[in-house]
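Colleague: Dropping a structure here in structure tokens format, bear with me for questions.
Every number here is computed from the coordinates shown, using simple stated rules; none is lab data. All values derive from a computational prediction rather than experimental measurement. Cβ: placed from backbone, ideal geometry, glycine included. Neighbour counts: every protein chain shown.
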Amino acid sequence: MANHDIDITVSRGTVHALVGENGAGKSTLMKILYGMQKPDEGTISVDGELVSFGSPGDAIGRGIGMVHQHFMLADYLTVLENVVLGSEKLHGIGDRARAKIKEISDAYGLGVRPDAVVEDLGVADRQRVEILKVLYRGARTLILDEPTAVLVPQEVDALFDNLRELKAEGLTVIFISHKLGEVLSVADEITVIRRGTTVGTADPAHTTSKQLAELMVGSELPSPETRESTVTDIPMLTVEDLRLTATDPDGVVRAVLDGITFTIHKGEVLGIAGVEGNGQSELVDAIMGMRTLDTGSLTLDGADISQAATRKRREDGMAVIPEDRHRHGLLLDAPLWENRMLGHVTEKPNSKGAFLDLKAARADTERIVREYDVRTPGIEVTAASLSGGNQQKLIVGREMSHHPKLLIAAHPTRGVDVGAQAQIWDQIREARHEGLAVLLISADLDELIGLSDTLRVMYRGMLVADADPAAVTPEELGSAMTGAAAGHLESPGGTGSEDSGADSSETDPRHGGEDR
């Protein structure tokens, strides 16, 4: 049962946080509150009046709007067109709508430009468009699902300013997040659910992250910090002068990757920090062979793979945790055992010679479900039936099961709870200790700093700065990601991975066993 004995009371004009581990029932509860799913029993009251929602339209009619973790915007339409789509009767599609959008944007400090094309907007601006969409439809209660998952610290601060503005105007926000520090900083009250049941409420002013974690999963809040070096002097991936251009809708050719050069050694985690949209996705695609480069070369474990197909690169030892698990990591309508085979159909245990081995694939899926604590009633259910965090654990288990030489991990713990996050960190650390090379891309700066042996900053398709993970702060890293200078950062080459050979323990205080 996804939800049972759920009790939650949200006061008008507050920010109310909802936390719980993956599979705890948060998504089901929000679907019920937004009219996407009907409860079997129980009651819902809005402003003291009993209500029953048969559709999201019913919820919107009672002033409830939802901003989903995966944005629902049409990239090639303008902000105005995205906002009015489906609500043309409210204010038309012209000047009245534009004026209303500007009025809402100004009232809540959203800074949204009605005529901007969504494709040209950064992640934080797209999120503001989603918030404006629900406000435009008259929402007085906003449900925000993992709203900070893709934001850098400065953008998180700006979002929280927006939420405080909404609260000051009497609006109510239900805030779902796994980032407990952020929950404590922005929420007025916190409800914790575990395995579909409310287990407690907390006052942020008198609660710690550790206490919240214990309520959620019964364990202490984990830390990603790595304190011993496993970096060798053996290059695993060498990337030289990668350049990739793309033509924008106006016909202008621009560089999305511009002279990217780095080396990752066996046993090394190279972290790439950057605001999303600065070339990280294209870099992953280029390394995996999914985009044709203009110039540059790639070497994996001493072999030139610049012209190799994606399947060959996987068979030669590449694994990837994609940034968008729905688009690039899963077949949502396929059962779990088929998803376990995805990208690895030519490898054991999925195949035996020229034939698929479905029995072995099913058995190995059962193993992954057990070892990675994938919460599911069985391996025959579809991937779409799992929560986002459990989908992520399935992908991590699949990719790690083939003992790769190189793991490309793009946002590996996005949308997972603290327990699953700790498990994924442990898997990366253990494999790194055995010689795995890791390219880590993450919006979680604590994760980047804690797991990486070497840190580089990506901005507008270029590697613009190097950082020492033992010295840099999330704030400094966040500043560099937006193009500003920050302390403890150097121009590329100063602390780059080319210099991080086997003797890096002599210069990195983490490797001497000292706590930071």
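Colleague: Would you list which lysines come within 21 Å of Lys102, measuring only between C-alpha atoms, while excluding same-chain residues fewer than 8 positions from it?
Modeller: The qualifying lysines are Lys89, Lys133, Lys167.
Colleague: Report the label-to-label distance for Arg460 and Ser55 in nanometres (one decimal), using points 7 Å from each Cα along the Cα→Cβ vector.
Modeller: For Arg460 paired with Ser55, the spin-label model returns 4.7 nm.
Colleague: Next up: What is the local net charge at Ala59, summed over the other residues whose Cβ is closer than 15 Å to its Cβ (Lys, Arg +1; Asp, Glu -1)? Each step should come with its number before you reach the end.
Modeller: Working: positive: Lys31, Lys38, Arg62, Lys133, Arg137, Arg140; negative: Asp47, Glu49, Asp58, Asp145.
Residues close to Ala59 contribute a combined charge of +2.
Colleague: So what's segment 6-129 giving for Rg/Rh, alpha carbon basis, Kirkwood Rh from the mean inverse pair distance? Walk me through the numbers before you get to the answer.
Modeller: Numbers: Rg = 16.7 Å, Rh = 16.7 Å.
Ratio value, two decimals: 1.00.
Colleague: What does the net charge come to around Ser401 if you take all other residues with beta carbon closer than 13 Å to its beta carbon, with K and R at +1 and D and E at -1?
Modeller: Numbers: positive: Arg314, Arg340, Lys348, Arg367, Arg370, Lys393, Arg398; negative: Glu347, Asp364, Glu366, Glu371, Glu399.
With Lys, Arg at +1 and Asp, Glu at -1, the net is +2.
Colleague: Would you mind calculating the relative contact order of segment 73-181 from Cα pairs under 8 angstrom and at least 6 residues apart, reporting the percent as a whole number? Intermediate values should be presented prior to the final figure.
Modeller: Numbers: 117 pairs, mean separation 30.1, N = 109.
Worked out over segment 73-181, it gives 28 percent.
Colleague: List the lysines whose Cα lies under 28 Å from the Cα of Lys405, skipping any in the same chain that are fewer than 8 positions away.
Modeller: Cα-Cα hits under 28 Å: Lys266, Lys312, Lys348, Lys352, Lys359, Lys393.
Colleague: Using the Cβ atoms and a cut-off under 10 Å, what net charge is assigned to the surroundings of Val83, where Lys and Arg are +1 and Asp and Glu are -1? Don't jump to the answer; show the numbers that get you there.
Modeller: Details: positive: Arg98, Lys100, Lys133, Arg137; negative: Glu81, Glu130.
Residues near Val83 contribute +2 overall.
Colleague: Ok, one more. How do the peptides 466-477, 285-296, 49-60 rank, highest first, by the average count of neighbouring beta carbon atoms within 10 Å per residue?
Modeller: Numbers: 466-477: 20.2, 285-296: 17.2, 49-60: 14.0.
Final packing ranking: 466-477, 285-296, 49-60.
Colleague: Just to be sure I understand: of the beta bridges DSSP finds with both ends in the chain, what percent are antiparallel, rounded to 5? All intermediate terms of the calculation are to be shown ahead of the outcome.
Modeller: Numbers: 36 of 70 bridges.
Just about 50 percent of them are antiparallel.
Colleague: What is the ratio of the Cα radius of gyration of the chain to 2.2 N^0.38 Å, where N is its residue count, to two decimals? Could you put the intermediate results ahead of the total?
Modeller: Details: Rg = 23.4 Å, N = 516, 2.2 N^0.38 = 23.6 Å.
My calculation over the Cα atoms of the chain gives 0.99.
Colleague: Given 4 °C and 1.567 mPa s, how large is the Stokes-Einstein diffusion coefficient of segment 290-410 in µm²/s, with Rh as the Kirkwood radius over Cα pairs? Walk me through the numbers before you get to the answer.
Modeller: On the way: Rh = 15.1 Å.
D, rounded to a whole number, is 86 µm²/s.
Colleague: Looking at segment 132-189 from every direction and averaging, what is the projected area of its Cα convex hull in nm²? It would help to have the intermediate numbers written out before the result.
Modeller: Working: hull surface 15.8 nm².
It is 4.0 nm².
Colleague: Still on this model: Evaluate Rg over Rh across segment 129-276, taking Cα atoms for both radii and Kirkwood's formula for Rh.
Modeller: We get a ratio of 1.10 for segment 129-276.
Colleague: Rounded to the nearest 0.05, what FRET efficiency is calculated for Ala107 and Leu342 with R0 set to 56 Å and r the Cβ-Cβ distance?
Modeller: On the way: r = 46 Å, r/R0 = 0.82.
It comes out at approximately 0.75.
Colleague: Among 107-113, 91-97, 451-457, how do they line up from the highest to the lowest mean number of other beta-carbon atoms within 10 Å? All intermediate terms of the calculation are to be shown ahead of the outcome.
Modeller: On the way: 107-113: 16.7, 91-97: 13.6, 451-457: 26.4.
The packing order, highest mean first, is 451-457, 107-113, 91-97.
Colleague: Report the equivalent ellipsoid semi-axes for segment 226-340 in whole Å, largest first, defined as the square roots of five times the eigenvalues of the gyration tensor built from alpha carbon atoms. Intermediate values should be presented prior to the final figure.
Modeller: On the way: eigenvalues 109, 98, 48 Å².
Output for segment 226-340: semi-axes of 23, 22, 15 Å.
Colleague: Dividing the alpha-carbon radius of gyration of segment 355-454 by 2.2 N^0.38 Å (N being the number of residues), what value is obtained? Don't skip to the end; give the middle numbers.
Modeller: Values: Rg = 14.1 Å, N = 100, 2.2 N^0.38 = 12.7 Å.
For segment 355-454, the normalised Cα radius of gyration is 1.12.
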